[in-house]
Structures are given as C-alpha cells and as structure tokens.
Amino acid sequence: MTHVRKPIPSLFVCTLLFCAAAPAAPSAPIDFDRDIRPIFAQNCYECHGPDKAKAGLRLNDPKVALSELKSGNRAIIPNEPAKSELLRRVKSTDPDEQMPPKGDRLTPLQIEKLHQWIEQGAKWQIHWSYRPITRPDPPPVKNAPWPRTPIDNFILQPLERQNLAPSPPADPYTLIKRLHYDLLGLPPTLAEADEFAANPSDAAYEKLIDHLLASPHFGERWGRHWLDKARYADSDGYEKDSLRPDAWKYRDWVIDAFNRDLPFDQFTIQQLAGDLLPNATDNQKLATAFHRQTLTNKEGGVDPEQFRIEAVFDRVETTGAVWLGLTVGCARCHTHKYDAITQREYYQLFAFFNNADETEIKLPTSPAAFAKYEKEMQAYRPKLAALESQISNLKSQIDTSMPAWAVDLQQIIDALSLRHISPKDDSLQRTQQAWERNDPRFLSLQKDLADLQYDAPRPSMMLVRVLSQREKNPRPTHLLTRGDFLRPDQPLTPATLSILHPLNPHSAPSTQHSALSSAHSEFPSRLDLAHWLTDPSNPLTPRVAVNDIWLHLFGQALVRTPNDFGVRGEKPTHPQLLDFLATEFRRLNFSRKALIKEILLSSTYRQSSRLRPELLELDPENRLLHRQNRFRVEGEIVSDLTLSASALLAPKIGGPSVFPPMPPDVAALSYANNFQWKPSTGEDRHRRAMYTFFKRTAPHPNLTTFDCPDSNATTISRTTSHTPLQALATLNNEIFAEAAQSLSKRILTANHETPNLGTDAQKLQFAFRLCAIRPADSQELTTLTNLLNRSRAWYNQNPTDAKLTLGKLPVPNISLSEQAAWTSISRVLLNLDEFLTRE
C-alpha cells in the first residue's frame, strides 16, 4: 500500500521557518546559591573542594576556579561555555576524561544549568546567610493605611505585586485567644475576652499585649521553646538512664530569664560562658547548665574519655545549630560537603569546649527556701549580735574583774622585765585566756553563743550540674581522623569559621582565667566564642534568633528550614523583612519582649487565618503570608489548655519536676525496672506539662503522642502530626478524663462564675465558651443539645456506666446520669479542633 504524504500547510511551514530563524529566548537568570552550588557540593567537592584540589582546581573558591589550571586550560571562562573545560568534561563520554570520574553523572538539566550560568558570566555569590546584614528601608506600598508597623510594608509589597490583598483582621475573640495561646499557652478568661470584644481598639490591644508579656506564665511558654533547643530532660539517657534530680534548676533559670527579659546577647553569653564572667554569680554559673543537658553514659565497661568527647561533640553541634543555624556536625568526620565548614574548623570550635569540665555548684533548693532562710536570719542576726556584744563588754572589764592571781602574775612579769623572753601582749593574751576558761559569767555566755550558733538557720542547698573551665593540666585538642577519638591528628587551638567575621578575643580576665596556666590562658575562651556569636558583625545569630521568634508567632518561619541556614536550606520567603527584624532586634537591645510586641502590633499578625480558596493554587503554603496560619498547639499546651478550661490547673511556677498519672507499663520500660513512677498528689498532680518529669527512655506518653522531642539532641523546630492515637489519648487518658469530669462539675456549679445558668442552652453556651472563647452559634447549640439529650437517655438506662464516667468528682444533689451526660459534653468540647488549634 502506497502512503501519500499530505502537503504541509503553508502557514505551518512559515511558522517552522520563523522559529528556526528566530534567536533563542534569553535564559532565565541562574542563581548560584540555588542552582549551581548544590551541584558542585554534591558532585565535585570530593576531588575539587576544600580538602582536595586535583589538577589544581577548587570549585569552592572562585579565584582558583576561574584561574588557569596546571594543564594550561581554564575550567570556567565566564560568558564562554564552549571554551570552558568544566562543561566539556561533564559532557564527555570518555572514561578517562568524564567528570565526575565515578558515581552518577550529571543530569541533562544540571549540565544545562552549568551552561547557562557560565553563559551569564559565571557569577559567584556568597551564600545569602553569610552576607553582612544591612538595614533595609520599608518598601513603598499602594494600600498605605494597612501597615501599622514597618513589618507590614515588607509583607504587603509582594502581595501587591501579585495583585493580592491581605486578609481582613481576625475577630476580637479569635485575636485575644491567639494572643493568649501564643504568649502564655493558656486560654483567656471569659471576662477578659468579653472586655476586649467590647473594645477591640488599638490602644486596648496594645494594653492587652503588655499585660500578657508581663505575666509570669510568659516565661513558661517561651522558656519551653528554648528547652527544646537545650535538649532538656530529667535523666541521663542511654540504657541506664539515671535520674538527674537537679535538672529543674536550669529550667527555672530559663523561665526566669524570659520573664525578666534578659537581653539575648547576655542570655547567650551566660549559657555558654557564665562561669568565665568576671566575679561570676551563682546564677550566671547555673546558666552553663545549658551544656550539661548532654547525655551521660554510665553503663558498665564504657570508656569515660570516649563519652566525654561525645558530649563535647554534642556541645559543638548544638551551639552551631542553635545560634548559627548550621549543620556543623557534618564536618565532624570530613569537611562539610555543602557548607563552608572544614573539618579543621570543626575541631577548632571543639577546642573551645574541650577544657570545659563537668562540675557542680551548691545552690538553694528553691527561691522559697532561700526566702525562708533570709527571714529566719533576720530574727537570728540581732540575737547573735546581742550575745557577741555582751561577751565583748565582759572582755573590756578584764582589768577590774580579773582574779587576784592573774593581777599578781601580771605584776611579776612587769617587775622582772621579761619582755625579751615573752612579749607583754602575749602574756596578757594568755592571762586573759586563762581567765576566760575560769570566769563563770564568761563561760555562761560562751555556752549561750555555742547553742545559738548550733541552731543557726541554714539554707537548704543542693548540688547542681554546671560547666567550669579546667584550671590545671589543660587538654590539648587534635583533629580526630574520621571523628575517632583514638585517632588524633594535628593539634589545634580554638578558632571560629573563616567564612564569617574574624574572632577578636576581648573577654575580660576573670578569676578563672588568671588561675589557668600561662600557655593555656593565651588561647581564646568560651567567653570569646560567646562574644563572637553576639558580635555586631555576625550575620547569622540575629537572623536565626528573629527567625525563631517569627516561627512561634506564625507557625512557619521566614526561613522554612530553621535548623539549616546553609546551602541546603531554603531561602527566606521575605529576605528584606528577615534583615529588618535582625537589625531591629539589635536596635531594641536584644529585648525579645520588645521585638515580639512589635510583631504582634502589626497588621500581618492580626490577619484572619481563614482559608482563601481563590489562593489555593497561587499560594498554597501561604508563603506570601496573605493570611495568618492556624496550627495545633504543642503537646504540653494540649494538656495545659485542658486543665485550665476544667479549672484543675495549678498556677505554681517553677520547682522540681512532677509526676502526673501515667500507665505503669511505660515506666516499666526503664532499665531493669529501676524507675518507679509514683503519681504526684495535691497541686503537683495538675501542674503545667512542662514540669512533667521527662525520662529519656520512658517519657510520658501524653507528651510523645503530641510530638514532643525525645531530648537526645537539640530540636530547633518541632514536627506536627495528626494521628488517631492523639484523639484516643485525649478521650481516654486519666488526666484528660479527670479534666472532663471537672469541667462538667464547673458547668453544673458555675453560678458563682456567671449568673443565670438555669437552662441547658445557657449551660451549653458557657461550656462552649470555656473551650472556644467565642459564643456558639445556633447550629452548634442545637448539635450540643441533641448530644446532651441522647447522653441523658443513655445514662438513665445505664447507671453503672454513669458512675464509671463520673470517677471521683460527683456533684452533690445532682443525679449521676445528669452529671455523666454533662461529662460527655465536656469530653467532646475538650476535643474540639478549635480548642486545640491556635487560630
């Protein structure tokens, strides 16, 4: 069969000819950080990076990369991809020439990116996070009335570029609930909510912010964020996981530091080197317990030096993650494959911590105990002074009261002029001592003094783990081959990352410094490292710090990889805003409360979190911040909100860890069953969940079920999961069951809180508002009424179930079935998504 080719339409022919003749469309701009550096890091640095320079080529150094090679060729010739040896080698199929010589070849897309980059001038860039911070001016916007603070300009301008408008503000009930959840992790009272809803003015809003920032519960909420980074726990870890009964002292230090708004630079310095400050106080030394949260291995047969070094590794890597946002741990065994951190630099950082010994100091067991001691001392000091005064007065009467034999002895000494044998003052002293041993009045006073001193108030003290600088026999630091402590290589001294600003040791000498050997004290110290981290030239520390604050106020950070500001991390969604906040943080003298307030005052923060379907395709992850985010609260706050709404929460702040009810089989997981979980009683049964004793090998399931970290390593930001197990916990766990019972009791006896709760509708509205803060609408009330009636009917028919549902909290003069029905309502309300979600 003969196929006849159909003629191509003349218009199609013309189109093909035009496309062939037309010049190629200009390539999209190539971003070195985003497109090229990852290719080099993943495929080339092993042979042509910081550690090796085969054929003289280093692709981590632009000066070397653009220079002539040993062969006479040039790997990269800007604007001339055809003449660039690099491109020829990555395209080659010759096994003797192709690059990389082993492993996966570059993909066609990667080769095309390299081609375009060279064609566009092979421009090298310093990674954005290493660049110096300059304060940007707030950009101009069309909707001039919307910005309340400069922050809003940085958000609004990108929205306007997309012809988008921000979301409307949240309603007053949502806004006050949001503020309480964010700043305190506790719900507002209904009176507070109604007062703000009646007057949601800017002045009232600012007054509300000030009130919440001044609350002692602020330190609990924001201190918990920091404890994630500090890998706080109440036990050692590893198999035996011994208890740390003093760990809570550091937790209290953190809460107090947030409450008194300790500036972030001092907060940093004290935790890294509080012991090295001049005339360091006990409180500053306690701060160094940040780095005593490392795991401790007490298993039989362990090498103490191996695990000491493991702890130092952890300190180096935690410091890098928390303050620099870098994965420095990748350089423990080899030079970092992506970021500009060499293995040598890793061990130079290691040297700062290598002579920080794990020690202990004595501290009062609690502020209350110390206050009690001070009060007792106020009564004791006058009694002591009175007795000492009586003894002194009696001594002054020695000339008139001294026994006759003593006077005669003194006269003989004077007459014989025996001063050359025994000075007169000495003889007088011996004479007086003899008199004191025999005079009944003096003996009586001395006995009273001894009895008083024996019964003197004594502060309740405890030993607390801290770091202290090694004063004798300082350890040398070596680069450890492949991170193996048994393979020390070249010796090193403390130094910082060369990609950042230089280290200028300027820490003031301290008692500890002066005690060190002269050879050791000439090296930079942890105090110098802390000053380097907070130095105005450091571009990373303030960016990382403000990114973290933004994360906790929006659920997502501006840099969405808050644990990685390096090459593999994401770029900030709003880079100018990030730098503005970083400079603003410094302008505000590193006051976290002041920066938080500035963010809270913005229109950006006040936006509604309601989903906008029209933007699901354009901005599905809300990177433009066209609305606020809504997210489930953390595990501790799930418990805190539940206890608060049910009126069970004990408001006590600080102190030793507590033991809320826990299934016995969880504690039994401990090594050789060496840990008995005895549930706390009284107010300690219902404390905030941040005070729950955290045993690394057997943590409380209420915490881990809701994604609390395991505390084995620093956690920069938590993950959030949504699983059926979480609903099962809040419906059935003992503490949550008690909360539902208590909430039903609160509803049925609430006339003292709010009058006129005579009808079911009124009680249901009150109960709903305790959990959602806002009033329920008619449809919600109808649904709850139907559930209440069904529950009453069930429990009337099943009194045994009613009794089991009530537990130990029956309300007098109200039937068991009625109370059980309201307990069912309470259980539903305490499990509402709206209750456990920060809107």
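The values are calculated or read from the model by the stated rules, or taken from the named source; none is laboratory data. All figures in this text were calculated on a predicted structure; none of them were measured in a lab. Neighbour counts run over all protein chains shown; Cβ positions are idealised from the backbone, glycine included. Note: accessible area is taken over every heavy atom of the protein model, side chains too, but ligands, DNA and RNA are not part of it. Shrake-Rupley method; radii C 1.70, N 1.55, O 1.52, S 1.80 Å.
The number of residues in the range 546-566 that are open to solvent by less than 10 Å² (accessible area, probe 1.4 Å) and more than 10 Å from I716 (Cβ to Cβ) comes to 9. Considered as a group, the residues in the range 127-164 that are without any contact (Cβ under 8 Å) to a residue 24 or more places away in the chain and either part of a loop (DSSP other than H, G, I, E, B) or touching a helix residue (DSSP H, G or I) at 6+ places or on another chain (Cβ under 6 Å) (or both) include one that is nearest to E614 (Cα to Cα), and that residue is N163.
The set of residues in the range 296-310 being in a helix (DSSP H, G or I) and of a type in the set (S, T, N, Q) consists of Q306 alone. Could you look through the range 165-181, keep only residues that are in a helix (DSSP H, G or I) and touching a strand residue (DSSP E or B) at 6+ places or on another chain (Cβ under 7 Å), and pick out the one that is nearest to R224 (Cα to Cα)? Ranking the qualifying residues of the range 165-181, first place goes to Y181. The residues of the range 794-834 that are aliphatic (A, V, I, L, M), open to solvent by less than 60 Å² (accessible area, probe 1.4 Å), at pLDDT below 95 and farther than 11 Å from S744 by Cα, listed by number, are A802, I814. May I ask you to list the residues in the range 188-212 that are within 25 Å of the chain's Cα centre (by Cα) and open to solvent by less than 20 Å² (accessible area, probe 1.4 Å)? Once the filter is applied, which keeps residues that are within 25 Å of the chain's Cα centre (by Cα) and open to solvent by less than 20 Å² (accessible area, probe 1.4 Å), the range 188-212 yields P188, I209, L212. What about D640, is it surrounded by 14 or more Cβ atoms within 10 Å (Cβ to Cβ), assigned to a loop (DSSP other than H, G, I, E, B) and among the acidic types (D, E)? Considered against the rule, which asks whether it is surrounded by 14 or more Cβ atoms within 10 Å (Cβ to Cβ), assigned to a loop (DSSP other than H, G, I, E, B) and among the acidic types (D, E), D640 comes out as no.
Screening A340 with (1) at pLDDT below 95; (2) open to solvent by 40 Å² or more (accessible area, probe 1.4 Å); (3) farther than 19 Å from H501 by Cα gives one miss only, at (3).
Scanning the range 245-264 for residues that are in a loop (DSSP other than H, G, I, E, B) and touching a helix residue (DSSP H, G or I) at 6+ places or on another chain (Cβ under 9 Å) yields D246, A247, R260, D261, L262, P263.
Among the residues of the range 776-793, the one identified as without any contact (Cβ under 8 Å) to a residue 12 or more places away in the chain and either among the basic types (K, R) or buried (at least 16 other Cβ atoms within 10 Å of the Cβ) (or both) is R790.
May I ask you to verify whether A740 is open to solvent by less than 50 Å² (accessible area, probe 1.4 Å) and within 24 Å of T174 (Cα to Cα)? Yes.
Among the conditions (1) open to solvent by 10 Å² or more (accessible area, probe 1.4 Å); (2) touching a residue at least 60 places away in the same chain (Cβ under 8 Å); (3) aliphatic (A, V, I, L, M), the only one that V302 does not satisfy is (2).
Scanning the range 645-681 for residues that are at pLDDT 95 or above, over 25 Å from A230 (Cβ atoms) and not in a loop (DSSP other than H, G, I, E, B) turns up just one, A645.
Would you confirm, using the coordinates I've provided, whether T719 is among the polar types (S, T, N, Q) and surrounded by fewer than 19 Cβ atoms within 10 Å (Cβ to Cβ)? Step through it out loud before you land on a result.
On the way: among the polar types (S, T, N, Q): yes; surrounded by fewer than 19 Cβ atoms within 10 Å (Cβ to Cβ): yes.
Criteria met by T719.
When we screen T335, T359 for residues that are in a strand (DSSP E or B), hydroxyl-bearing (S, T, Y) and under 38 Å from the mean Cα position of the chain (by Cα), the only hit is T359.
Residue under question is F694, and the condition is that it be touching a residue at least 24 places away in the same chain (Cβ under 8 Å), open to solvent by 10 Å² or more (accessible area, probe 1.4 Å), in contact with a Cys (Cβ under 9 Å, 6 or more places away or on another chain) and of a type outside the set (V, I, T); does it hold? Here the answer is yes, as F694 does meet what is asked.
Of the residues making up the range 222-247, those that are of a type in the set (K, R) and within 23 Å of T365 (Cα to Cα) number 3. Evaluated against (1) under 23 Å from R586 (Cβ atoms); (2) buried (at least 18 other Cβ atoms within 10 Å of the Cβ); (3) more than 30 Å from the chain's Cα centre (by Cα), P139 falls short on exactly one condition, (2).
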